[in-house]
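K.L.:
Mind looking over this structure? Questions follow.
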Ligand SMILES: [Ca+2]
């Protein structure tokens, strides 16, 4: 079962390497992975959710929609380790099998280790411009754990498992970085991550290198606010008022708040895709949308019709939304496997780009 769970990660990791090495720089495709947080199979419109996500749906419509993608884990840190390294999280040097906790003394000294290889490192070594915008969650205590020490030329975002969407702090502790430095930001986290992606993509219009952008939104994960009364961090839903109005038809309060954070996320993805196309990058960029694992019902997520919720590794949490789209030459070769409820990439996917 573990092998099955890692199938997509391994395919993804190996295909990226296969696609990159044989081609001259000008012909190599760009890669954009849009990775969302705690978004279940029933939290995306094209999978049957009541939450409208037209931009994610459009991405699936342009490419392929997968119904049997299994995440590497039912919780953030090991899922991200699996994606970025192509390895089972149980093989991580630091046994990253649970979420690293930002406030834990022990976890200040834990994270992805220097001798572990990420997709970003492989692509960087092959001439790619690499960036992580958004959430990291693979170590936060020392510089050796930061994304810039693991193959990313640019890091703009946060290291902890979640963030206060309005103050960019974890509770009351600053956790917003530009590479190795803390920076102060104002706004709404989902919008800030989107704006950083727009800036990055505009810069790529005239760049000589191909790029790999890992766009890891924290949304629609709950936020991490601060309780003045208890003098400690607190989990809070952080939708904006206008977004709540857009999903006012949802009766349950927490589900409505989660939906409002989701539509803001979908707006951001729409802006990123428009920027990609408006800057002439759409025809040479492979775009993959995926989530780190299924949802948490306590905070408004839904994994229907499957059983289970974060962090239990049941089918409801391991089967996640996944879609991919890309250049016309890729689209021609992406062939769904005709078995019930399942599709996958065929070998010509790689051959066609070499
Ligand atoms: Ca997560």
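Any read-out appearing in this document is the output of simple, stated calculations on the displayed coordinates, not a laboratory observation. As the structure is a prediction and not an experimental result, all values here were calculated from the model. All Cβ positions, glycine included, derive from the backbone under ideal geometry; neighbour counts span all protein chains shown.
K.L.:
Let me know the whole percent of all Cα-Cα pairs from segment 275-331 that are separated by more than 13 Å.
P.N.:
Distances greater than 13 Å cover 64 percent of the Cα pairs.
K.L.:
Would you mind calculating the gained length between residue 62 and residue 277 on full extension (0.36 nm times residue separation, minus the Cα-Cα distance), in nm to one decimal?
P.N.:
Values: separation 215, 0.36 × 215 = 77.40 nm, distance 1.32 nm.
Length gained, residue 62 through residue 277: 76.1 nm.
K.L.:
Running Debye on segment 147-300 with equal point scatterers at the Cα sites and no solvent, what base-10 log of I(q)/I(0) appears at q = 0.21 Å⁻¹?
P.N.:
Log-scaled intensity ratios, in q order: -1.43.
K.L.:
Now for a different question. Any idea what the relative contact order of segment 174-284 is, in percent, if you count C-alpha pairs under 8 Å spaced at least 6 apart?
P.N.:
It comes to 28 percent, rounded to a whole number.
K.L.:
I would also like to ask the following. Under 20 Å from a point placed 7 Å out from the Cα of residue 315 along the Cα-to-Cβ direction: which residues of segment 272-291 have their backbone N that close?
P.N.:
Only 291 pass the distance filter.
K.L.:
Turning to a different aspect of this structure: Contour minus end-to-end for residue 117 and residue 231, with contour as 0.36 nm per residue of separation and end-to-end as the Cα-Cα distance?
P.N.:
The residue 117-residue 231 span can extend by a further 37.1 nm.
K.L.:
So, by mean Cβ neighbours within 10 angstrom, what's the order for 263-274, 153-164, 170-181 with the highest one leading?
P.N.:
153-164, 263-274, 170-181
K.L.:
Using only the Cα atoms of segment 131-178, build the gyration tensor, take square roots of its eigenvalues as a ≥ b ≥ c, and label the shape rounded, prolate or oblate: rounded if a/c is under 1.5, else prolate if a/b is larger than b/c, else oblate.
P.N.:
Numbers: a/c = 2.37, a/b = 1.64, b/c = 1.45.
Note, shape of segment 131-178 comes out prolate.
K.L.:
Can you tell me how much longer the chain between residue 191 and residue 108 gets when fully stretched, taken as 0.36 nm per residue apart minus their C-alpha distance, in nm with one decimal?
P.N.:
On the way: separation 83, 0.36 × 83 = 29.88 nm, distance 2.86 nm.
Length gained, residue 191 through residue 108: 27.0 nm.
K.L.:
I've got another one for you. What is the calculated FRET efficiency for residue 173 to residue 27, with r their C-beta to C-beta distance and R₀ = 51 Å, to the nearest 0.05?
P.N.:
Approximately 0.70, to the nearest 0.05.
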